[in-house]
Amino acid sequence: MYYVNKIIGALANPTTVSFVFCALCFVLRAKRRWLGLVVLAFFWFWGTPLASRVIGLPLERPWLVDGEPPHAESFPTADAIVCLGGGMDVATNGFLSADIKPGADRVWMAARLYKAGKAPKVFCTGPGCRASTEKLLLDFGVPTNALVFLEKPRNTEEESKAISGCLDVWKFGSSETTRRPNLQTSKPLLLLVTSAWHMRRAKYMFEKYASGLEVIPAPTDFESVIGFSDGFGFTEFLPSGRAMGQNEMYFREWLGYLGYRLLR
């Protein structure tokens, strides 16, 4: 199913669709000039920040607190911090170190939550997560004995299942953990760290595949909210490669979330 999801996402990508319609316009030539204008307008819109405002902001706004991204100190004490992969790679300069990408805010948030005393363990997920994040987390002040790396999961669905299975056998309440006060539920409580634009789907995955856990979203990496904090401007009509890349990211999130909700 993992590869099916990837193939569908690639084929349904608006950029791919635009190129297909461009090829169709070439085949039809002058017979369908109006189609060429429609494709040109769509391709322009898809490459502008304006599209990010339309499809990106709705993904991020639900996770704001009083109109601002939440701070680590504002979260309750939990049993563990889960930092989903996707914001880091392994550097290719010959050293096994962090190759930081925009989503690296996830690692920073996980470290801040730990240093704020919100949980005794930090679980990092995704292929190569140890090589890409361990040294950085150590530099941020998270000790080795607080880190757990799950490198087999390849997507959010597999991450939720792996965390569920891992925490089922983790002994809460032992000398290695610090139970949160005023416990209201027997379920392990997690602070789920991922990018704000990814949180809707991530939270849904954990509710679906890790129902034995209680999840509190700890979002970070507010791409659209920060980008549009100064209000509406004419630059939103100017296309760029960066805007197109962001829009593809937001589109995949909506496609994945709605696909799981409707089809699975």
Given the conditions (1) touching a strand residue (DSSP E or B) at 6+ places or on another chain (Cβ under 6 Å); (2) among the acidic types (Asp, Glu); (3) modelled with pLDDT of 75 or more; (4) surrounded by fewer than 18 Cβ atoms within 10 Å (Cβ to Cβ), report the number of the one that residue 99 does not fulfil.
(3)
Within region 40-92, considering residues that are of a type in the set (Ser, Thr, Tyr) and within 27 Å of residue 149 (Cα to Cα), the one surrounded by the most Cβ atoms within 10 Å (Cβ to Cβ):
77
Restricting attention to region 193-205, does a residue exist that is closer than 19 Å to residue 63 by Cα, in contact (Cβ under 8 Å) with a residue 24 or more places away in the chain and among the polar types (S, T, N, Q)?
yes
In region 141-170, which residues are over 21 Å from the mean Cα position of the chain (by Cα) and at pLDDT 90 or above?
141, 142, 143, 144, 145, 146
Filtering region 71-89 down to residues that are over 19 Å from residue 212 (Cβ atoms) and in contact with a helix residue (DSSP H, G or I) (Cβ under 7 Å, 6 or more places away or on another chain) yields 72, 75, 83, 85, 86, 87, 88, 89
Out of (1) over 25 Å from residue 82 (Cα atoms); (2) assigned by TED's automatic domain parsing to the domain that holds residue 166, what's the single condition that is false for residue 207?
(1)
What's the number of the condition residue 189 fails, among (1) surrounded by fewer than 18 Cβ atoms within 10 Å (Cβ to Cβ); (2) at pLDDT 80 or above; (3) aliphatic (A, V, I, L, M)?
(1)
Residue under question is residue 37, and the condition is that it be outside any loop (DSSP other than H, G, I, E, B), outside the structural domain of residue 159 (by TED's automatic domain parsing), crowded, with 17+ Cβ neighbours inside 10 Å and not small (Gly, Ala, Ser); does it hold?
no
Of (1) at pLDDT below 95; (2) out of contact with any strand residue (DSSP E or B) (no Cβ under 7 Å at 6 or more places or on another chain), residue 112 satisfies every one except (1)
Take the residues in region 133-159 that are touching a residue at least 40 places away in the same chain (Cβ under 8 Å) and acidic (Asp, Glu); name whichever of them is surrounded by the fewest Cβ atoms within 10 Å (Cβ to Cβ).
158
Could you check residue 243 against (1) surrounded by 17 or more Cβ atoms within 10 Å (Cβ to Cβ); (2) within 24 Å of residue 77 (Cβ to Cβ); (3) of a type in the set (A, V, I, L, M) and say which number it fails?
(2)
Among the residues of region 212-261, which ones are farther than 20 Å from residue 193 by Cβ and part of a loop (DSSP other than H, G, I, E, B)?
228, 229, 230, 231, 232, 233, 238, 239, 240
Kindly evaluate residue 195 against the criterion of being of a type in the set (Ser, Thr, Tyr) and either surrounded by fewer than 16 Cβ atoms within 10 Å (Cβ to Cβ) or modelled with pLDDT under 70 (or both).
no
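The values are calculated or read from the model by the stated rules, or taken from the named source; none is laboratory data. Owing to the predicted nature of the structure, the values given are computational and were not obtained by experimental measurement. A quick note on method: Cβ atoms are made from the backbone with ideal geometry, for glycine too, and the neighbour counts reach across all protein chains shown.
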